[in-house]
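The block underneath contains the structure these notes are about, expressed in structure tokens.
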Amino acid sequence: MSSAFGELTVIVNPHAGRRHVGEELPELERTLRHRGLPYRLLLTQGPGDAARMAREALESGGRFLVAVGGDGTVHEVVNGMFEDGKPLVPDAVLGVVAAGSGCDFVRTFGLPGDATRACNHLTGETTYPLDIIKITYTDGAAGEQVRYSANVAEAGLGGAVTARAERLPRFVGKAKYFFSFWLTLPGFKLAEVRVQADRKSYEGPAFMVVLGNCQFYGGGMKVSPRSYPGDGVLDALVFKGPKSDSFTMLPKIYRGDHVPHAHVAELRAKEFVRVDADRPLPIEADGEVLGTTPATFEILPQPILMKL
């Protein structure tokens, strides 16, 4: 059985998942060969490599990119597929092989969380038209910057939690977001925010604004349960506080039972969501720390295909 979309450009971060992805490479290649899938294997060495490799593969005629690793690897590959708000190649196909410590992005699609079974989904012609979030944010002296996200982005507490999680020891593993949340929460102050979602808005206190294209983040939290990544809609959840809500709400977030809630404002946009605050709030997307508010999150309807 061969690929319906030509040769696979398989982009691997061997250091992801505390280097577990590198350990899974031999089995990954055996599975690809067994399935009769033609592929070219590229190993990243540092930040930015996956985006560059994805861009170069598309510019040289490739169409089918496969990100092997966690959410950070997916994030980079997706960013390599776009330029100036448009896909480099029409109908480019993104495949994801979740490997290492985990990948929240694939949970929305019900894809396997291990490399061997995930490779089986790279065969055939089944795809899903995938929306993408275009994020225009502030980056200090560099001014406005643009990044693309396939999964979930946040402004506020979530960005601060992600930044702290990056500093935790590797042995914490999948629980790093859980521990980082409780370490960050006590010192994080409520902000006065303005969230504009198309013609609707929210103004008032908040400690976090979640922008959901998909549903899961932070190691399995179903934070945006009403999000469907092909509906052309961006879901914004404004967590208004008080912070004491966290003690009762966090278990519900893992199940996706936290909405509707009197302290969560839900806004939906088909064009953009603009987030501003009385102080710069940190922003993260797909587990990657970006910059700060003010920021604009635009939904790009179905510019690429997700391989299922």
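Values quoted throughout were computed directly from the atomic coordinates according to the rules given, and no laboratory measurement underlies them. Since the model is a prediction, treat every value here as computed from it, not as a measurement. A quick note on method: Cβ atoms are made from the backbone with ideal geometry, for glycine too, and the neighbour counts reach across all protein chains shown.
In degrees, nearest 10, range 0 to 90: what is the angle between the Cα axis of helix 20-34 and the longest Cα principal axis of the chain?
Rounded to the nearest ten degrees, it is 40.
Going Cα to Cα from K174, which aspartates and glutamates come in below 17 Å? Please leave out same-chain ones fewer than 8 positions away.
D71, D104, D114, E166, D286, E288
For E271, what charge total do you get from the other residues with a beta carbon under 9 Å from its beta carbon, if Lys and Arg give +1 and Asp and Glu give -1?
-1
From the backbone phi of the range 47-63, what are the Karplus-calculated ³J(HN,Hα) couplings (6.51 cos²θ - 1.76 cosθ + 1.60, θ = phi - 60°) in whole Hz, Gly and Pro given as x?
x, x, 5, 5, 5, 5, 5, 4, 4, 5, 5, 5, 5, 8, x, x, 9
Going by a ≥ b ≥ c, the root eigenvalues of the Cα gyration tensor, does the range 132-301 fall in the rounded group (a/c under 1.5), the prolate group (a/b larger than b/c) or the oblate group?
Rounded, because the longest to shortest axis ratio a/c is under 1.5.
Would you list, by chain and number, the aspartates and glutamates whose Cα falls below 17 Å from the Cα of K240, excluding same-chain residues fewer than 8 positions away?
Qualifying aspartates and glutamates at Cα under 17 Å: E154, E192, E203, D257, E266, D276, D278.
Kirkwood hydrodynamic radius (Cα pairs, Å) of the range 8-125?
Value: 14.0 Å, from the Cα pair sum.
State, to one decimal in nm, how far the label point of Y228 lies from the label point of E29, with both points 7 Å from Cα in the Cβ direction.
4.2
From the Cα gyration tensor of the chain, with a ≥ b ≥ c the square roots of its eigenvalues, which class applies: rounded if a/c is under 1.5, or else prolate if a/b is larger than b/c, or else oblate?
The shape class here is prolate.
What trypsin sites (Lys or Arg not before Pro) does the range 82-189 have in DSSP loop regions with at most 11 other beta carbons within 10 Å?
Of the trypsin sites (Lys or Arg not before Pro), the ones in loops of the range 82-189 whose Cβ has at most 11 other Cβ atoms within 10 Å are R167, K189.
Need the C-alpha centroid separation for the range 207-280 versus the range 99-167, integer Å.
Here the two parts' Cα centres lie 15 Å apart.
Only bridges with both residues in the chain count here: give the DSSP antiparallel percent, nearest 5.
Among the beta bridges of the chain, antiparallel pairing accounts for roughly 75 percent.
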